[in-house]
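Student: Supplied in structure tokens, the structure appears directly below.
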Amino acid sequence: TINPPKIKLKTKLLKERRKHNILGLAANHHWSESERERERERKEETLRVIEFGFDAMKIAVEGCMHGDLDNVYKTLQYLETLNNIKIDLLICCGDFQSVRNENDLESLNVPPKYRSLNSFWKYYSGQEIAPYPTIFIGGNHEASNYLWELYYGGWAAPNIYFLGFSGVVKFGNVRIGGLSGIYNNRNYYSGHFERPPYNESTIRSIYHVREYDVHKLMQVQEPIDIFLSHDWPLGITDCGDWKQLVRFKPYFEKEIQERTLGSKPAAELLEKLKPPYWFSAHLHCKFAARVRHGEGGPVTNFLALDKCLPGRKFLQIIEIESEAGPHEIQYDEEWLAITRRFNSIFPQTRQRMNFRNLHLHMEECRQWVKTRLLERGAKPFEFARTVPCYDPSRTVSSSSPRGYTRNPQTESFLQFLDLPYLLDNMSESLEVSKTPDSLIHRGNLFLSLHKVPLMITTKTSPLMMSTRMRTSWKKMENEASIVKSPTLNGTKPSIEGELNTYLNKAEPHYRSCMCQQVSWYAIMGKEKISGMVIMIILWG
């Protein structure tokens, strides 16, 4: 039982802090007096301390980190002392720059003269420990090779959690979602074809938002409390004081008038998810807006923040009603179910994809995930170092690995969800279809395809096979029984059985195949298909 006088005291303290402008999104936004009054009333209702075991969680929001963790943490500690408060969580809206050593700088898309290790490596090595649980998303200036290891999310360092290329986690009872990267229409409909080490093109495209990741977030049905994106939702300037913004950033005016300032996918997510809070960065300025979703509908408080520099508005502290602490970062059940269901169509080529009309049923998957969480718990897998950390006393040897490394966290996460590992290097020469990848994993069919006639063909264009691959194909023909008739004597065999029989006769390094066309037609609901081609792809 909470003592009522203490509640009154806490409420009074909250009011005093609001008076001194520690809280609130409206501080630098010019609204009418009536709008300000409604805003004050809304805050009093939302942020008050109530009697039923709830308290106000204090969350610090930071714009672009640019690897300057030391100064951000020191600033928060100063604010705690100055205002006699305790901050529960720090969230960062991108350009985090989780650079572990000199090799990571090669995956950081900034001019060489601006590349700097900054201070993340101290937290990765364990020399320093983050004083606050920290959640971040990726931006357009990242150590992309490291974030790719943690595509699904995970600990980038002890107490510092990457939300993934898209993701949702829980902190206490607060749900936090996010989308990493920035929007670029040229790569939006492509798959994740980039693999480290990156060239001059892929070092840029790796951080471009993909429709696949957005579509996963569009499946979220349960309320999101806070959402993070690096670039702003398109059209958000219509809901704030854009004239004041243009006075500070004059070159934004043309983009605002042409409606090109911001991300179209982020705007679609804003309309779908309608979170109470949405935070962004990227444009290195502070901008506040209020988005009302329909007449009398919910309101989203939008805030963009600057980068960490003296005199810049890069930090904001908000209070959100939550359960009493202590709080910790945990997996979100609904998001795990979405991840498990959509991982089977993870796109890995440059070819244009379209997921808008793709809807996969979630009920059974959700129940499966719930059972797994009850067995293991929702705490993320433990942090693990995968490369040597920067050592100021010596430089990293030029022979240190610069390619891709499997992260044990990601491996454990996929094993937990009973999913295959799809993040390894892939050859661009293997792009033979404009359709999502196979729905086959671990020898089991995602969908029942036993009614589809099977044909395995060796007819393929010489342009699509190197000399080595054609030699390997011929070798494989001699090692396995390849069916060349289109209907297998008019029968309707089991695809899974035929594939397993076929692949078991081949050498281990040939046992990778894509049933792309079969998978595509199956998920689109076309049941009557004849003469379907299954192309065996050689990974030689």
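Student: Would you mind computing Rg(Cα) / (2.2 N^0.38 Å) for region 203-344, counting N as its residues?
Tutor: In units of the 2.2 N^0.38 Å rule of thumb, it is 1.15.
Student: Before I look further, what does region 322-361 give for accessible area per residue, probe 1.4 Å, in whole square angstrom?
Tutor: Per-residue accessible area for region 322-361 comes out at 44 Å².
Student: Estimate the FRET efficiency between E363 and M218 by the formula 1/(1 + (r/R0)^6), using the beta-carbon distance for r and 30 Å for R0, to the nearest 0.05.
Tutor: Taking R0 as 30 Å, the efficiency between E363 and M218 is 0.95.
Student: Something else about it: Any chance you could run the full-extension gain for A384 through Y189? It's 0.36 nm times the residue separation minus the Cα-Cα distance, nm to one decimal.
Tutor: Full extension from A384 to Y189 adds 66.9 nm.
Student: OK, next. Hey, which of these cross-link pairs are over 18 Å Cα-Cα: K216/K272; K113/K286; K243/K307; K286/K313; K216/K274; K254/K274?
Tutor: K113/K286; K243/K307; K254/K274
Student: Additional query: How far is the Cα center of region 143-169 from the Cα center of region 267-294, in Å?
Tutor: 22
Student: Right, something else. Mind listing the phi-derived Karplus ³J(HN,Hα) values for region 183-194, rounded to whole Hz, using 6.51, -1.76 and 1.60 with θ = phi - 60°, and x for any glycine or proline?
Tutor: 7, 9, 4, 4, 10, 4, 8, 7, x, 8, 8, 6
Student: How much of the accessible area of region 224-295, probe 1.4 Å, is carbon plus sulfur, in whole percent?
Tutor: Carbon and sulfur atoms account for 49 percent of the accessible area of region 224-295.
Student: Taking only the alpha-carbon atoms of region 323-364, what semi-axes of the equivalent ellipsoid follow from 5 times the gyration tensor eigenvalues under a square root, in whole Å, largest first?
Tutor: Sorted largest first and rounded, they come to 30, 14, 9 Å.
Student: Also, I was wondering about something else. Classify region 104-262 as rounded, prolate or oblate from the Cα gyration tensor: take a ≥ b ≥ c as the square roots of its eigenvalues, call it rounded if a/c is under 1.5, otherwise prolate when a/b beats b/c and oblate if not.
Tutor: In terms of gyration-tensor shape, rounded.
Student: Here is a further query. Grab the beta carbon distance between D391 and L422, set R0 = 51 Å, and tell me the FRET efficiency rounded to 0.05.
Tutor: So the FRET efficiency works out to roughly 0.95.
Student: Quick one: which residues, 5+ away or cross-chain, put their amide H under 5 Å from the amide H of L234? H built at 1.01 Å from N.
Tutor: HN-HN under 5 Å from L234: S263, K264, A266, A267.
Student: T405 to E268: extension gain in nm, 0.36 nm per residue of separation minus the Cα-Cα distance?
Tutor: In short, 45.9 nm is gained.
Student: Right, next: Give the calculated FRET efficiency between K254 and Q351 to the nearest 0.05, with a Förster radius of 22 Å applied to their Cβ-Cβ distance.
Tutor: 0.05
Student: Another question, if that's okay. In the full protein assembly as shown, how much of C389 is accessible to a 1.4 Å probe, in Å² to the nearest 10?
Tutor: 30
Student: Mind checking the full-extension length gain between R312 and R204? Use 0.36 nm per residue of separation minus the Cα-Cα distance, one decimal, nm.
Tutor: Taking 0.36 nm per residue and subtracting the Cα distance, the gain is 36.2 nm.
Student: Suppose a student asked you for the relative contact order of region 151-297, using Cα pairs under 8 Å spaced at least 6 residues apart; what percent would you report?
Tutor: Computed value for region 151-297: 23 percent relative contact order.
Student: Need one value: the accessible area of S393 in square angstrom, 1.4 angstrom probe, rounded to the nearest 10.
Tutor: 100
The values are calculated or read from the model by the stated rules, or taken from the named source; none is laboratory data. Please read all numbers here as calculations on a predicted model, not as lab measurements. Neighbour counts run over all protein chains shown; Cβ positions are idealised from the backbone, glycine included. Please note that ligands, DNA and RNA were not included when accessible areas were found on the heavy atoms of the full protein model with its side chains. Shrake-Rupley method; radii C 1.70, N 1.55, O 1.52, S 1.80 Å.
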